[in-house]
Amino acid sequence: MRLRIYLDVLRTPWVTRLLSSAVVGRMPTAMAGLAIVLLVRAHGGSYAVAGMVAGTYSVALALTSPLLGRLVDRVGQTRVLAGCAVVSALGFGAMAGLAALTGAAIPPIGACMRALWSELLGHDGRLQAAFAVESTVQELIFVVGPPLVALLAAAFSPAAALLGTAALLLAGVGSFAATPVSRAWRPRRRAADWAGPLRSPGIRAVLATIVLLAAAFGTVEVTVVADAEQLGSRTLAGPLLALWAVGSMAGGLVFGARASDRGPEQRVVGLLTLVVAGIALLSVATGLVQLGAGMVLAGLGIAPAIACLFLLVDRLAPAGTVTEAFTWVTTAFASGVAAGNALGGTLVQRAGTDRAFLVAAAGIAAGTLLARLRRPALAARPIGMREAPDGLGRAG
């Protein structure tokens, strides 16, 4: 039954192209940071300088994502995606001086894709399956992106890695923006207020949960590197993090489209509890085999939990703000991961890897508790009814 509904989603006109082009267009998410560090180091810059440049890129992306989302909700997808892709690609070509501009102009392709799902698939089980497929497939970005950067940098140069990132950005966004469903998408009427989707208590609760979740992810990333070094080589961190992504993909396929009478605001609590248990087990893992198995277990609940959070954002976003709401998700993830990276480094240095894993698990437990306490807000109807935009049918 689960396989059938996945196939039904993927057979819907334009879904496969939207999904595949969005994956390609979002490759900078996993490639840019490493490519920037390699480029700065290749030109003699210190790790401090490399970190500053990479951080500037990430902060700019986090700050401007909601602004670009609001712009899409006002003028449509095509012009915003195309313009941002060109500006950001040019920035990758001159990264040394344009890190902030490059990050600020990253097109909100993921948010635009999620805004299209309900238009193409309605609000039944197929929408749940679509978000499950997306949250599963997006793990490929983090499995493929960093090794691709390393390959391009080793075979050619760090500059080639950045140019490759720009090429993938242009190709993916260009293919996505050229689809009839993206070009036909029209903004909906919205209330004239500055808060946009943030005026929804449910959206605020989802974003707070995501920040706690992402902070834990950032802590785990740093802690895994430290654990790998203790096991003999920092390079082991790459395969271990890939196993984490594999576990997330498996969980997304198994749990993502499972039929349930419970709403996403109920399912997300159980899935986040599974993530808490998996990360807590990492604190007692000894040896490479146990740590690898623990990473797979720690990933099982991630993709389906994120799919539930996406469903909630789609349902709770006030009329005319759905794209901006999903860009706030990007900002929440980026901010949380950045904070978690910093926290993880401090914890590893002062308390050790075992306690760092426990703190990460506690952070997700806090997010789980928040989702449970805010369940009435998460189950509420959206502020304003969203009507189908002119010019876009169910099948596109």
Estimated FRET transfer efficiency when R0 is 30 angstrom, pair Ala380-Val75 (beta carbons, to 0.05): 0.55
field: Using a Förster distance of 45 Å, the FRET efficiency for Gln349-Ala195 (Cβ separation, nearest 0.05)
entry: 0.70
task: Starting from the stretch 257-361, pick out the trypsin sites (Lys or Arg not before Pro) whose DSSP state is loop and whose Cβ has at most 13 other Cβ atoms within 10 Å.
output: Arg262
Förster radius 30 Å - calculated FRET efficiency between Trp14 and Leu67 (Cβ-Cβ, nearest 0.05): 0.65
task: Sum -39500 (n - 2.57) across every DSSP H segment of at least 4 residues in the chain, then divide by the residue count to get the 222 nm mean residue ellipticity, nearest 500.
output: -26000 deg cm²/dmol
- prompt: Excluding ligands, DNA and RNA, what is the solvent-accessible area per residue of the stretch 57-97 at a probe of 1.4 Å, expressed in Å²?
  reply: 43 Å²
Residue-level accessible surface for Thr327, protein heavy atoms, 1.4 Å, Å²: 0 Å²
message: To the nearest 20 Debye, how big is the dipole of the chain about its Cα centre, given +1 on the beta carbon of each Lys and Arg and -1 on that of each Asp and Glu?
response: 900 debye
- request: Based on the mean of other Cβ atoms within 10 Å per residue, sort peptides 141-154, 160-173 so the most packed one is first.
  value: 160-173, 141-154
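Given the stretch 221-331, what whole percent of its Cα pairs are spread farther than 23 Å?
40 percent
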query: Can you tell which of Ala100, Ile306, Ala153 lies farthest toward the positive end of the dipole of the chain, using +1 and -1 charges on the Cβ of basic and acidic side chains (Lys, Arg; Asp, Glu)?
result: Ile306
message: Just to be sure I understand the model, the point goes 7 Å from the Cα along the line to the Cβ. What's the resulting Gln290 to Gln230 distance in nm?
response: 1.1 nm
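The values are calculated or read from the model by the stated rules, or taken from the named source; none is laboratory data. No experiment lies behind these values; they were computed from the predicted model shown. Note that we place each Cβ from the backbone using ideal geometry, even for glycine, and neighbour counts take in every protein chain shown. These accessible areas exclude ligands, DNA and RNA; they are computed on the full protein's heavy atoms, side chains included. Shrake-Rupley method; radii C 1.70, N 1.55, O 1.52, S 1.80 Å.
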